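Inspection log for the structure reproduced underneath, given as structure tokens.
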Amino acid sequence: MASSKKHMLLLEEQTILSRERTMQQYMTTGLSFIGVGLIVLKFFFGSPYIFLGSLLLTIGFSQIVIAYYRFEKYRVVARKLRKKEKQYALEVGE
């Protein structure tokens with residue numbers, strides 16, 4: 001019985017870590033949106049380009065903020081999981 005609980009804990013750990021990596025990639029994508037928005041604002045002129053650049057900047061910043069809050073949520077879940085792991089004398093993820 002303990003072996004199946006250990007296995008489930010390991011699977012939960014793997015899932016949480018993959019979600020953290022996904023949130024980090026969302027942050028990277030947000031930085032890319034910001035970079036493209038800055039390039040549009042720097043090199044193109046006219047009101048449609050100002051709107052497009054501002055829109056890209058807004059999307060990038062919002063994506064980073066949302067990903068950060070989700071990332072923090074998964075870190076809290078990971079801390080709780082590590083407390084469970086200590087009950088079974090596992091040292092996974094440290």
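Where a number appears in this text, it was derived from the coordinates with a stated rule and is not lab data. No experiment lies behind these values; they were computed from the predicted model shown. Neighbour counts run over all protein chains shown; Cβ positions are idealised from the backbone, glycine included.
Normalised radius of gyration (Cα atoms, divided by 2.2 N^0.38 Å) for the range 1-87: 1.62. Annotation: extensible slack from Thr58 through Ser4 equals 14.8 nm (criterion: 0.36 nm per residue apart, minus Cα-Cα distance).
With the simple model of a label 7 Å out from the Cα in the direction of the Cβ, Arg21 to Leu41 spans 3.4 nm.
Rounded to the nearest whole Hz, the Karplus-based 3J(HN,Hα) values (6.51 cos²θ - 1.76 cosθ + 1.60, θ = phi - 60°) of the range 77-85 follow the sequence 4, 5, 4, 5, 5, 5, 5, 5, 5, with x at glycine and proline. Adding -39500 (n - 2.57) for every DSSP H run of four residues or longer, then dividing by how many residues the chain holds, sets the calculated 222 nm ellipticity at -32500 deg cm²/dmol.
For the chain, a crude dipole built from +1 on the beta carbon of Lys and Arg and -1 on the beta carbon of Asp and Glu, taken about the Cα centre, is about 360 debye to the nearest 20.
Per-residue Karplus couplings for the range 10-19, computed as 6.51 cos²θ - 1.76 cosθ + 1.60 with θ equal to phi - 60°, are listed in order as 5, 5, 5, 4, 4, 5, 5, 5, 5, 5 Hz, Gly and Pro entered as x. Of the residues Ile34, Ile50, the one with the fewest other Cβ atoms within 10 Å heads the list, and the complete ranking is Ile50, Ile34.
Straight Cα distances below 22 angstrom link Lys86 to the lysines Lys5, Lys6, Lys73, with same-chain residues fewer than 8 positions distant left out.
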